[in-house]
Structures are given as structure tokens and as C-alpha cells.
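The values are calculated or read from the model by the stated rules, or taken from the named source; none is laboratory data. Keep in mind it's a predicted model, so treat the numbers as computed, not measured. Don't worry about glycine lacking a Cβ; one is built from the backbone with ideal geometry, like all the others, and counts go over all protein chains shown.
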Amino acid sequence: MRKAFVPAYLELTEGELAMRAERLRRLLSPCCLCPRGCGVERAEGEKGECGVGKEPLVSSYNLHFGEEPPLVGRGGSGTIFFAGCNLHCLFCQNYPISQLRHGEPVSADRLAQMMLWLQERGAENINFVTPTHFSAQILEALALASAQGLRLPLVWNTGGYERLEVLQVLDGIVDIYLPDCKYSDDALAEALSEAPNYTRVNQLAIREMWRQVGKLEMTGGVAERGLMVRHLVLPGELENTRGVLKFLAGIDVGIAVSVMSQYFPAYRAVHHPTLSQRLSREEWSRVCEWVQELGLSTGYVQPVP
């Protein structure tokens, strides 16, 4: 008989969450929580490359039914959207949150109450969206929430531009990693997201996430643990997508991959020569062929646009 699922953070010894939060807080000033290492004193209120300071900014929190089926289940994914981002994607589809940083400051106690509220409403998980720059504060809130009865798996939903040191602190806390793998071309990453060395940084991060949690594990079609990698296909950049898919297949063809066709011109992409258009059916068909050819057997592929 399969052992009943217990979230990773509930297996930690007493006080461990608080100690890990403190380790991350030491990276906050001068800030080196992400690969940019901008070095500002965020604990003193200075704003970093991510555009935010000390206090977590939450844009929204609610049950979300638009995620991949294993994350949604029947109850929905309990998403908490954080404002700010360490990437500056000119095509960002959530730019009011990530780039314009629309959100309200919250305390650790308030953030903990959001998690508990989502659990009470029937959420399948707690899904932290763009959490990297608030990692320390999230762990502080998690310690409070778990002491008050939080029992849901945690989803770490990121742009994939992560420091290994931070991910290693999260080992044994995060149940499900949900990173983007945006690029296989550093020049493209620099041009579209202002992200130096994105490919190497991202690939090392994904390998570390894979080491920690491995293949997606589900009960009744609902994810409890594991890695799922997202890739948004960009119009006119199919070789970039091909490189991403080859990299992921090279880790393991059983890795869960979500290949997304939902691109639409947003933010600064509306003025871009190639990104100002939608993905064509021909482009999408070619991508689907590559998924099959590479043997990526655990896939979530959106319908043809």
C-alpha cells in the first residue's frame, strides 16, 4: 500500500523552517537571492533589480483553474501571485504584476492566513507564483501557516532564473517545482528578457530541481511531488524551442513538460518585428512533432492556436 502523502515541509524538525528562512534573509542584504546579484540593501527598503524592497507584495490570491490538470485537480490551485520579477521579458503576459509591480504589501502573518484560507476553500496545493525575490519572507509565513494546520503541497512557480544556493535551501520544503525553461539561446534571452547567461543558469537550476523532487508523482490525477517544466513557444523562434525540448529530453524523457501555445503580443512585444504576431498553426504543428520525436512521454500540450 502506498504511503499517505505528507508535504515535505511537515517532515522537517522543529525550528528548521525558521532556520532556513534566516539563511535566505541573510541573502537579502546585500541582495543575492537571484543570479543577478544586484547587491542592494533590500532589508533597508532599497529596491533591487526585481523592483521590490523588503515587504512581500501580493497582487492576488485565489483558486485558479487555468493551470495544468495535475495542479488544478477538482479544487483548483491555490495561487498567490507576487509582484515584481527578476526577469524583464518584453513579451510578459502578466506585466502589470511582474513589471509594473501592482500589489499590496503583506506581513508574514497575513501571508500565512492567505495560505490557510486557500486550504479552507479546497485548494489542491499552495502555488507561489514568482516567489524567488520573496523566498525568505515566504518561509517565515510558511512556518506560521504549518503551525496552524497547513497540510497542502507547495508549488514553486518560477521563471527559472534561479541561484543554486537558494534552491538548496528549499530542498525538503518544496514539493512541486514549476519552472519555465524559456530559452536555449543566450543571445535571445538577453535580447528578450535582459537575462545574462540564462541558458546555463536555468539548466543548472532545472537539474537541481530534478535532483530534489524527480518525476511528477500523482494520486487520482493530482500532483503531489515532482518537477514540471513549462515552455512558451514564441513565434519565429522555433530553433529556440527545439533546443529547449532537446535539453529536457536529455535529462529524462519522462520529465513532465508543459508546452504552451498561448502566446499573444503583450507589453513591449506589440512593437517587436516578430513577436507582434501570434504563433502560426504550422509552427505549432512542428513543435508537436518534435515533442513526439524526442519521446517526451509526460506532456501537457495546449490545443492548436
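Considering only region 266-282, how many residues are of a type outside the set (Gly, Ala, Ser) and either in a loop (DSSP other than H, G, I, E, B) or farther than 20 Å from ALA189 by Cα (or both)?
Residues in region 266-282 being of a type outside the set (Gly, Ala, Ser) and either in a loop (DSSP other than H, G, I, E, B) or farther than 20 Å from ALA189 by Cα (or both): 9 in total.
Among the residues of region 200-230, how many are more than 20 Å from VAL291 (Cβ to Cβ), assigned to a helix (DSSP H, G or I) and of a type outside the set (Lys, Arg)?
Summing the residues that are more than 20 Å from VAL291 (Cβ to Cβ), assigned to a helix (DSSP H, G or I) and of a type outside the set (Lys, Arg) in region 200-230 gives 7.
Mind checking whether some residue in region 10-17 is of a type in the set (S, T, N, Q), at pLDDT below 95, surrounded by 15 or more Cβ atoms within 10 Å (Cβ to Cβ) and in a loop (DSSP other than H, G, I, E, B)?
Taking every residue of region 10-17 in turn, none turns out to be of a type in the set (S, T, N, Q), at pLDDT below 95, surrounded by 15 or more Cβ atoms within 10 Å (Cβ to Cβ) and in a loop (DSSP other than H, G, I, E, B).
Can you name the residue in region 283-305 that is under 16 Å from ARG242 (Cβ atoms) and part of a loop (DSSP other than H, G, I, E, B) and is also nearest to the chain's Cα centre (by Cα) among such residues?
Restricting attention to region 283-305, the residues satisfying the condition of being under 16 Å from ARG242 (Cβ atoms) are 283-296, 299, 301.
Those left that are additionally part of a loop (DSSP other than H, G, I, E, B): 294-296.
Details: LEU294: 24, GLY295: 24, LEU296: 21 Å.
So, considering only residues that are under 16 Å from ARG242 (Cβ atoms) and part of a loop (DSSP other than H, G, I, E, B), the one nearest to the chain's Cα centre (by Cα) is LEU296.
Quick one: LYS3 ticks every box in (1) at pLDDT 95 or above; (2) out of contact with any strand residue (DSSP E or B) (no Cβ under 6 Å at 6 or more places or on another chain); (3) not polar (S, T, N, Q) except a single one, so which number is it?
Answer for LYS3: the failing condition is (1).
Here is a list of conditions, (1) at pLDDT 95 or above; (2) within 21 Å of CYS181 (Cβ to Cβ); (3) in contact with a helix residue (DSSP H, G or I) (Cβ under 7 Å, 6 or more places away or on another chain), and ILE126 meets all of them except one; can you say which number that is?
(2)
Step by step: first the residues of region 163-190, then only those that are in a helix (DSSP H, G or I) and of a type in the set (A, V, I, L, M), then the one that is surrounded by the fewest Cβ atoms within 10 Å (Cβ to Cβ). Which residue is that?
ALA187
Can you find a residue that is in a helix (DSSP H, G or I), on the phi > 0 side of the Ramachandran plot and surrounded by 14 or more Cβ atoms within 10 Å (Cβ to Cβ) anywhere in region 246-255?
Pass one, region 246-255, residues in a helix (DSSP H, G or I): 246-251.
If we keep only those that are on the phi > 0 side of the Ramachandran plot as well, we get none.
No - not one qualifying residue is present in region 246-255.
Okay, residues lined up against (1) farther than 20 Å from TYR177 by Cα; (2) within 20 Å of the chain's Cα centre (by Cα):
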position	(1), (2)
TYR95	yes, yes
GLN99	yes, yes
ALA136	no, yes
GLY149	yes, no
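Out of all the residues in region 38-77, which are under 26 Å from LEU27 (Cα atoms) and part of a helix (DSSP H, G or I)?
ARG42, ALA43, GLU44
What are the residues in region 79-123 that are assigned to a helix (DSSP H, G or I), at pLDDT below 95 and among the aliphatic types (A, V, I, L, M), if any? Before the answer, list the steps.
Step one: filter region 79-123 for residues assigned to a helix (DSSP H, G or I), giving 95-98, 108-120.
Checking the rest, the ones that are also at pLDDT below 95 come to 95-98.
Within region 79-123, just ILE97 meets the criteria.
Going residue by residue through region 167-184, is there one that turns out to be within 30 Å of THR274 (Cα to Cα) and more than 17 Å from the chain's Cα centre (by Cα)?
Yes, that holds for at least one residue.
Any idea which residue in region 61-116 is surrounded by the most Cβ atoms within 10 Å (Cβ to Cβ), counting only those that are over 16 Å from LYS47 (Cα atoms) and of a type in the set (Ser, Thr, Tyr)?
In the first step, residues of region 61-116 are kept if they are over 16 Å from LYS47 (Cα atoms); the result is 61-81, 89-96, 106-116.
Within this subset, residues satisfying the condition of being of a type in the set (Ser, Thr, Tyr) are 61, 77, 79, 95, 107.
Working: TYR61: 22, SER77: 27, THR79: 23, TYR95: 19, SER107: 14.
Here the answer is SER77.
Hey, among CYS38, CYS85, CYS50, CYS32, which residue is under 24 Å from LEU144 (Cβ atoms), out of contact with any Lys or Arg (no Cβ under 6 Å at 6 or more places or on another chain) and of a type outside the set (Phe, Trp, Tyr)? Give the derivation first.
On the way: CYS38 fails: under 24 Å from LEU144 (Cβ atoms); CYS85 fails: under 24 Å from LEU144 (Cβ atoms); CYS32 fails: under 24 Å from LEU144 (Cβ atoms).
Checking each option against the conditions leaves just CYS50.
Pull up region 231-245, narrow it to residues that are in a helix (DSSP H, G or I) and hydrophobic (A, V, I, L, M, F, W, C), then point me to the one that is surrounded by the fewest Cβ atoms within 10 Å (Cβ to Cβ).
Initially, region 231-245 is screened for residues in a helix (DSSP H, G or I), giving 238-245.
Now narrow it down to the ones that are hydrophobic (A, V, I, L, M, F, W, C): 238, 244-245.
Working: LEU238: 17, VAL244: 26, LEU245: 23.
Among those residues, the one meeting the criterion is LEU238.
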